[in-house]
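Structure first, then comments.
The values are calculated or read from the model by the stated rules, or taken from the named source; none is laboratory data. Worth saying up front: this structure is predicted, and the values here are computed from it rather than measured. Cβ atoms come from the backbone with ideal geometry, glycine included; neighbour counts cover every protein chain shown.
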Ligand SMILES: Nc1ncnc2c1ncn2[C@@H]1O[C@H](COP(=O)(O)OP(=O)(O)OP(=O)(O)O)[C@@H](O)[C@H]1O
Ligand SMILES: [Mg+2]
């Protein structure tokens, strides 16, 4: 690494150079503030060791100048060197964002350790940043395809909500309209993007399990609670918690969620202390919540709390002008993914898509294109390559209305389920999202089953 050493005492510069070159670093020296800034701009070092007492100026102003010069790039850690008598300056430097300080006379080994720690920290920060910006380009708002007025309004709202201080957001729309994509976009466009995005599908679990997933539990709080466990509200701290299918949550749990939202605090199951968290909750549903309230299945108070900001995602049939754009988007994506030459749709094929009413919304369109890219042959994709609607059960003979025939000796339902999950995973080369699509369930639901059947591999199993 490239280290800039700023100190007016030659002997100190020499001994620092001696020691740090042994660790493989390249050292640039500067004896005063002017030389320091020149060297800094010339070399863009990975770390600066900065004496606070300089002949031409004070160290703090150099610290400020360095930070100003590097504010657009990666953060460059500065370790300040002070005399024992000037602790105030050290405190001031730390406030300004110095990584650490050492007081003269210092121990070389300790200093070398501080340098190592600073370099590791900044490289970790850089990794996190790179990771987040990669995630942002995968999940950010520009991934929402659509130029229709309805979609532009949604995108605009997503942008505004993500930048806002809103702590709850409700996303409503039919199945397959893009609620998941929108929730992720809100997270990755927001200031919370370096913190976790946690999600859970409220339908996938029974009540007690869901409660412990959300709030965690203390050791011994119920028979299976052998260890203390943190819940998603805690794990998502600083970030976003996505509660998918909130319409399916039981009223008891709804009131606990409401309390957590209002108090920004909750207790683990069996816990006695309040845990404070800062979490943005995005809830999604394709259910009619108003009807749920009328029938006593959905709590009105939670409804009003969630309803402060609602993003209504229109069904695809209401924004058909987006169909060609979406087709182009998925054609490109799947031909790249399956390494197929990209093909165009014939006019008949496009007409077929334009006159269809899309009960399964964008997901159905996506699946139709995926299938056509994978299985279609010839130079173009024709109308016959596009299979629309859920494949209905065969309607021949007595058993026609049945999807599968139950063998006379019966079956073990769990085994059949496990087998189907395995088949779906095999067919999609382990891609959980696509396997879930094949089974008509969500990714959370397939993950839940994979865990249940012991189909998770190593790291994946640890959530
Ligand atoms: N505007 C869009 N642009 C690009 N892709 C989209 C868009 N809307 C939806 N999709 C894609 O359609 C599929 C279904 O979207 P998503 O899973 O977000 O739907 P959903 O509303 O959450 O459905 P459900 O209610 O069944 O959970 C996803 O693969 C998503 O990538
Ligand atoms: Mg969804």
Residue among 106, 99 that is modelled with pLDDT of 90 or more, surrounded by 13 or more Cβ atoms within 10 Å (Cβ to Cβ) and not assigned by TED's automatic domain parsing to the domain that holds residue 184: 99
Matching option when the condition is at pLDDT below 95, more than 16 Å from the chain's Cα centre (by Cα) and away from ligand 1 (no atom under 11 Å from the Cβ), among 93, 130: 93
Residue identified as more than 16 Å from ligand 2 (Cβ to nearest atom), buried (at least 16 other Cβ atoms within 10 Å of the Cβ) and either closer than 30 Å to residue 143 by Cβ or in contact (Cβ under 8 Å) with a residue 12 or more places away in the chain (or both) among 269, 246, 282: 269
Tally of residues being more than 16 Å from residue 16 (Cα to Cα) and touching a strand residue (DSSP E or B) at 6+ places or on another chain (Cβ under 6 Å) across segment 41-51: 1
Count of residues meeting criterion [within 14 Å of ligand 2 (Cβ to nearest atom) and either part of a loop (DSSP other than H, G, I, E, B) or more than 16 Å from residue 137 (Cα to Cα) (or both)] in segment 181-222: 6
Pair list, Cβ < 7 Å and 6+ apart or interchain, from segment 170-183 residues that are more than 15 Å from residue 366 (Cα to Cα) to residues that are near ligand 1 (Cβ under 6 Å from one of its atoms) and assigned to a helix (DSSP H, G or I): 171/179; 173/179
Residue in segment 111-121 that is without any contact (Cβ under 8 Å) to a residue 40 or more places away in the chain, within 41 Å of the chain's Cα centre (by Cα), surrounded by 15 or more Cβ atoms within 10 Å (Cβ to Cβ) and not assigned by TED's automatic domain parsing to the domain that holds residue 187 present: yes
Flag if residue 158 is within 10 Å of ligand 1 (Cβ to nearest atom), assigned by TED's automatic domain parsing to the domain that holds residue 229 and either surrounded by 21 or more Cβ atoms within 10 Å (Cβ to Cβ) or more than 16 Å from the chain's Cα centre (by Cα) (or both): no
Residues that are part of a helix (DSSP H, G or I) and either without any contact (Cβ under 8 Å) to a residue 40 or more places away in the chain or not assigned by TED's automatic domain parsing to the domain that holds residue 200 (or both), drawn from segment 223-235: 232, 235
Options 148, 212; residue that is closer than 21 Å to residue 323 by Cβ and not assigned by TED's automatic domain parsing to the domain that holds residue 366: 148
Qualifying residue in segment 93-114 (condition: more than 16 Å from ligand 2 (Cβ to nearest atom), within 30 Å of residue 247 (Cβ to Cβ) and outside any loop (DSSP other than H, G, I, E, B)): no
Condition met for residue 238 (outside any helix (DSSP H, G or I), modelled with pLDDT of 95 or more and either out of contact with any helix residue (DSSP H, G or I) (no Cβ under 9 Å at 6 or more places or on another chain) or farther than 20 Å from residue 262 by Cα (or both)): yes
Of all residues making up segment 214-231, the number that are surrounded by fewer than 21 Cβ atoms within 10 Å (Cβ to Cβ) and on the phi < 0 side of the Ramachandran plot: 12
Residue, farthest from ligand 2 (Cβ to nearest atom), within segment 129-180, restricted to residues that are touching a strand residue (DSSP E or B) at 6+ places or on another chain (Cβ under 6 Å) and within 12 Å of residue 284 (Cα to Cα): 168
Test: residue in segment 362-378 that is under 30 Å from residue 167 (Cβ atoms), surrounded by fewer than 20 Cβ atoms within 10 Å (Cβ to Cβ) and over 26 Å from the mean Cα position of the chain (by Cα): no
Subset of segment 175-189 (residues that are surrounded by fewer than 24 Cβ atoms within 10 Å (Cβ to Cβ) and more than 10 Å from ligand 1 (Cβ to nearest atom)): 188, 189
Segment 300-342, residues that are crowded, with 18+ Cβ neighbours inside 10 Å and in contact with a strand residue (DSSP E or B) (Cβ under 7 Å, 6 or more places away or on another chain): 305, 306, 311, 313, 327
